[in-house]
Each structure stands twice: as structure tokens, then as C-alpha cells.
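Below is one structure; the comments refer to it alone.
Just so it is clear, none of the values below were taken in a lab; they were calculated from the coordinates. All values reported here derive from a predicted model rather than from experimental measurement.
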Amino acid sequence: MKLRGNGKRRAGADNQVLRRRLADAADDIAWHRTKLRAFTARCRALTAQAEIADGQRVLAEQLIQRQVIQLMERDARIAELERLVKAASDDTVEVPIPTAAQLAAA
């Protein structure tokens, strides 16, 4: 079978539609890949921020625990000092109880 013309074949209407759809699909895939890369980068950034925030939370909890221990030690020391002050005050000075002989002599 001999082709007419100068030997070049022209794509039929169906081939042109398929090629256009293929080009459109390739463009869509490229667009989605770009969006996926951006989304992946955002996820990585948010994960890094979450890790940093978690580290800061752990450090804050450790600081709170140290402060609680310090406050408990301070409260114990204050209670001891209050006990010593109470023991040294005039209200707690022991008064000797007079004996029967001392009462009879008086």
C-alpha cells in the first residue's frame, strides 16, 4: 500500500486527543508532585518544631521538679527554725515547781 503525499503521516483526530490528554496528565502529575514536595517539607518543619517544643517541655518539667525539691527543703528548714525559736522563747521557759519544804518555809 502506497501512501499519498510526501511520505509523512499525519496523526488522526484520536491520536491528537490522546496526546493532548497525555500532556495534560503530565502537567497535572508535575503540579501534584510540586504540592507533595511542599507538603512534605511543611510536615518535616512541623515535626522539627514539635520535637523542639517537647524538649522544652521536658526541661521545664525538670526545672519544676528541682524547684519543688528546693521549696520542700526550704519549708523543712523554716519549720526547724520555727521550732528552735519557739524553744528559745520566754513562753517555754520552765518554772521550777516548789517543793513542800519550800512552801512550808515561805
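A few remarks follow.
- Bins of 5 Å from zero: percent of alpha-carbon pairs in segment 42-84: 5, 21, 12, 13, 10, 8, 9, 6, 6, 4, 3, 2, 0
- Shown in residue order for segment 39-54 are the 3J(HN,Hα) couplings computed by the Karplus curve 6.51 cos²θ - 1.76 cosθ + 1.60 at θ = phi - 60°: 5, 5, 5, 5, 4, 4, 5, 5, 5, 4, 5, 5, 5, 5, 4, 5 Hz (x for Gly and Pro).
- Stretch gain in nm, segment I69-Q102, where the contour uses 0.36 nm per residue and the Cα spacing is subtracted: 6.4 nm
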